[in-house]
1. Does T153 count as crowded, with 18+ Cβ neighbours inside 10 Å, closer than 23 Å to K100 by Cβ and either touching a Leu at 6+ places or on another chain (Cβ under 7 Å) or of a type in the set (S, T, N, Q) (or both)?
2. Please find, among L123, L133, L61, the residue that is within 16 Å of F42 (Cβ to Cβ) and in contact (Cβ under 8 Å) with a residue 12 or more places away in the chain.
3. Would you point out the residue of the stretch 180-206, among those that are part of a helix (DSSP H, G or I) and of a type in the set (D, E, K, R), that is farthest from R136 (Cα to Cα)?
4. Which numbered condition in (1) modelled with pLDDT of 85 or more; (2) not in a helix (DSSP H, G or I) is the only one that G217 fails?
5. How many of the residues making up the stretch 94-141 are surrounded by 13 or more Cβ atoms within 10 Å (Cβ to Cβ), of a type in the set (A, V, I, L, M, F, W, C) and not in a strand (DSSP E or B)?
Amino acid sequence: MLNGPLRAASTLFVLGIAAIYRLSGGSPTHAGHPLQNVPAKFHNWQMIQDVEPEASILDQLKADDVISRNYRNASGDWTVALFAAYFQSPKAGTAPHSPKVCLPTDGWRTGKVETVSFPVSGLPHPPELNRMLISREGQEVLLVYWYQTYSSTVTNEFAMKWYMALDSFRFHRTDTSFVRVAVPVMHGDEVAAQEAARSFVDTAFLAIGGSLPGAGGIRSARTFGEEN
């Protein structure tokens with residue numbers, strides 16, 4: 001984690017870049033609903049349900065596009081829930097935030113967030129994504145999630161804001177997304193749940209990224225520490 005002075009200096013740098021961008025007269029641009037282009041099938045994972053997010057969730061997120069879907073593997077052993085939210089021009093109150101912020105309000109207990117490398121077919125280097133175990137009323141769910149800016153995939157909100165500022169300066173883009181994969185832990189077998197998550201991410205990561213504006217999360221950046 002950054003110490004106080006270094007975090008303050010980095011924050012000032014981000015604000016400086018954002019100010020330069022505003023003076024340049026550029027504006028983030030992307031119209032439409034990019035998440036609707038996320039495929040219904042990823043190799044051996046098939047969408048089985050398109051879930052309508054609750055109105056309260058949509059009101060809280062204020063995202064420009066949202067999808068919530070359930071996918072099942074070919075053998076029928078595992079079902080995973082994919083949730084993604086796209087923000088065309090995030091600002092205070094309408095930007096992606098950590099699941100550790102909102103899940104406790106729904107009664108979920110959140111565990112430690114770990115940064116784990118997930119191999120992805122077609123990428124020379126595995127992206128680093130967040131892994132967290134949550135529980136409620138005897139149920140356990142493994143979450144894998146990440147933030148995707150126009151140019152990079154990152155694992156925490158501070159890094160996301162950093163790259164949004166850099167992207168605004170370099171590309172005149174500030175759009176960003178949050179992607180989460182949820183896998184139920186069956187019979188307490190967390191290892192098996194992680195393998196299911198790895199299988200899904202392996203085939204879905206590039207397809208999800210390719211449905212979003214920008215580099216499609218090809219470059220993975222781990223910056224300014226992990227989420228706590």
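The values are calculated or read from the model by the stated rules, or taken from the named source; none is laboratory data. None of the values given here were measured: they were computed from a predicted structure. Heads up, the Cβs are rebuilt from the backbone with ideal geometry, glycines too, and the neighbour counts pull from every protein chain shown.
1. Against the criterion (crowded, with 18+ Cβ neighbours inside 10 Å, closer than 23 Å to K100 by Cβ and either touching a Leu at 6+ places or on another chain (Cβ under 7 Å) or of a type in the set (S, T, N, Q) (or both)), T153 qualifies.
2. Step by step, each of L123, L133, L61 is checked, and only L123 is within 16 Å of F42 (Cβ to Cβ) and in contact (Cβ under 8 Å) with a residue 12 or more places away in the chain.
3. Per the stated criteria, the residue is D202.
4. The number of the failed condition is (1).
5. 8
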